[in-house]
1. So which of Ile129, Ile146 is touching a strand residue (DSSP E or B) at 6+ places or on another chain (Cβ under 7 Å) and among the hydrophobic types (A, V, I, L, M, F, W, C)?
2. Considering only region 147-161, I want to know if a residue exists there that is farther than 15 Å from Leu5 by Cβ and buried (at least 23 other Cβ atoms within 10 Å of the Cβ).
3. Let me confirm something: among Gly200, Gly228, Gly213, which residue is at positive phi, open to solvent by less than 10 Å² (accessible area, probe 1.4 Å) and not hydrophobic (A, V, I, L, M, F, W, C)?
4. Out of curiosity, is Arg234 within 20 Å of Leu81 (Cα to Cα), in a loop (DSSP other than H, G, I, E, B) and open to solvent by 20 Å² or more (accessible area, probe 1.4 Å)?
5. Would you be able to tell me the number of residues in region 4-22 that are farther than 23 Å from His91 by Cα and open to solvent by 10 Å² or more (accessible area, probe 1.4 Å)?
6. Pairs please, first residue from region 214-233 and among the charged types (D, E, K, R), second anywhere and open to solvent by less than 20 Å² (accessible area, probe 1.4 Å) and modelled with pLDDT of 95 or more, Cβ atoms under 6 Å, 6+ apart in sequence or on different chains.
7. With respect to Glu119, determine if the residue is exposed (fewer than 14 other Cβ atoms within 10 Å of the Cβ), more than 16 Å from the chain's Cα centre (by Cα) and modelled with pLDDT of 95 or more.
8. Determine whether region 166-183 contains at least one residue that is farther than 18 Å from Leu5 by Cα, touching a residue at least 12 places away in the same chain (Cβ under 8 Å) and within 16 Å of the chain's Cα centre (by Cα).
Amino acid sequence: MNSPLLSLPGAVAAEGQDEGVAAHYGDLFREQRSLSEGDGFVDLSHRGVVTVSGADRLSWLHLLLTQHVSELPPGHATEALILSAHGHIEHALYLVDDGETVWMHTEPGKQGAVIAYLESMRFFYRVEIADRTDEFAVVHLPAGSIAETPEGTVVRETAHGRDLFLPRPALKSFAESGPPAIGLLAYEALRVEGHRPRLGMETDHRTIPHELGWLGTAVHLDKGCYRGQETVARVNNLGKPPRRLVFLHLDGSEVRLPVHGDAVRLADDGPDGRKLGFVTTSARHHELGPIAMALVKRNVPVDAALTVGDEATAAAQEVVVAP
């Protein structure tokens, strides 16, 4: 589903899992500065939208998700994960309840798999699950934005800004009458700066929440029941996740940014050294220059100088998840 905002002047389409929306509108750093100052909006209309309604929606979701949601107040935003039986991350959900319905957005194209899992666990509970992606588009307003919320919109407000579940037919008129459109590359650069993980970028098939710092935002350690909870509890009590997320300041003299999957090595080992991790997301930041996040082995020294990619680009690490 291509966004109608790709027809705006200067729009350059994003690629990969973000295909369907604009990567930028002609001036990446200006867009980043605007977003960091609370101006503009980001078109996230390629993301999936799922709703759960019914009298049992919160108590039922509480049994399935990593987050404590049985008493989620209306309008209170939260994050939650769906784990495999072995505790590996399968889905990341961004939720808000409007008093009658839980609204959540997912990674692009993942809504079908989320709904399939929820339907398989429905049993006798009084819930209704729906794919609302064709009806509603997700739009992000940064923290500090004074933009008005259109009628008929559900709002999910966090410290990073407001996610709007905007009726899809209103998306183009919102762009024409509201704040300026900002591309996804600017949004991603600020996400990397904020050390916020993303499913499919910071995760692979064996990632557990402890490795990414998701225990602090998407996992409630005082609840059980959900699938994968045993792994969460065991690793939390032992304190030894196998890998950890790091933030990297990259050598700005390199023209090419590392890409997802590029190897991370110790600088002293050279370009043929042992692979200790991989780059998850990289970005060009309007103030910090080239930056990235990476997932590395837990025992990599926190003060070690690193290199990334075949070019052995120098990288200085900041701790995101302590070893």
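The values are calculated or read from the model by the stated rules, or taken from the named source; none is laboratory data. Since the model is a prediction, treat every value here as computed from it, not as a measurement. All Cβ positions, glycine included, derive from the backbone under ideal geometry; neighbour counts span all protein chains shown. These accessible areas exclude ligands, DNA and RNA; they are computed on the full protein's heavy atoms, side chains included. Shrake-Rupley method; radii C 1.70, N 1.55, O 1.52, S 1.80 Å.
1. On the way: Ile146 fails: touching a strand residue (DSSP E or B) at 6+ places or on another chain (Cβ under 7 Å).
None of the other options fit; the residue is Ile129.
2. There is at least one residue in region 147-161 that is farther than 15 Å from Leu5 by Cβ and buried (at least 23 other Cβ atoms within 10 Å of the Cβ).
3. Numbers: Gly200 fails: open to solvent by less than 10 Å² (accessible area, probe 1.4 Å); Gly213 fails: open to solvent by less than 10 Å² (accessible area, probe 1.4 Å).
Answer to the selection: Gly228.
4. On the way: within 20 Å of Leu81 (Cα to Cα): yes; in a loop (DSSP other than H, G, I, E, B): no; open to solvent by 20 Å² or more (accessible area, probe 1.4 Å): yes.
No: the conditions fail for Arg234.
5. Step one: of region 4-22, the residues farther than 23 Å from His91 by Cα are 4-13, 22.
Remaining after also requiring open to solvent by 10 Å² or more (accessible area, probe 1.4 Å): 4, 6-13.
Total meeting the criteria: 9.
6. Arg227/Leu83
7. On the way: exposed (fewer than 14 other Cβ atoms within 10 Å of the Cβ): yes; more than 16 Å from the chain's Cα centre (by Cα): yes; modelled with pLDDT of 95 or more: yes.
So Glu119 passes the test.
8. Our first condition is that a residue be farther than 18 Å from Leu5 by Cα; within region 166-183, this holds for none.
No.
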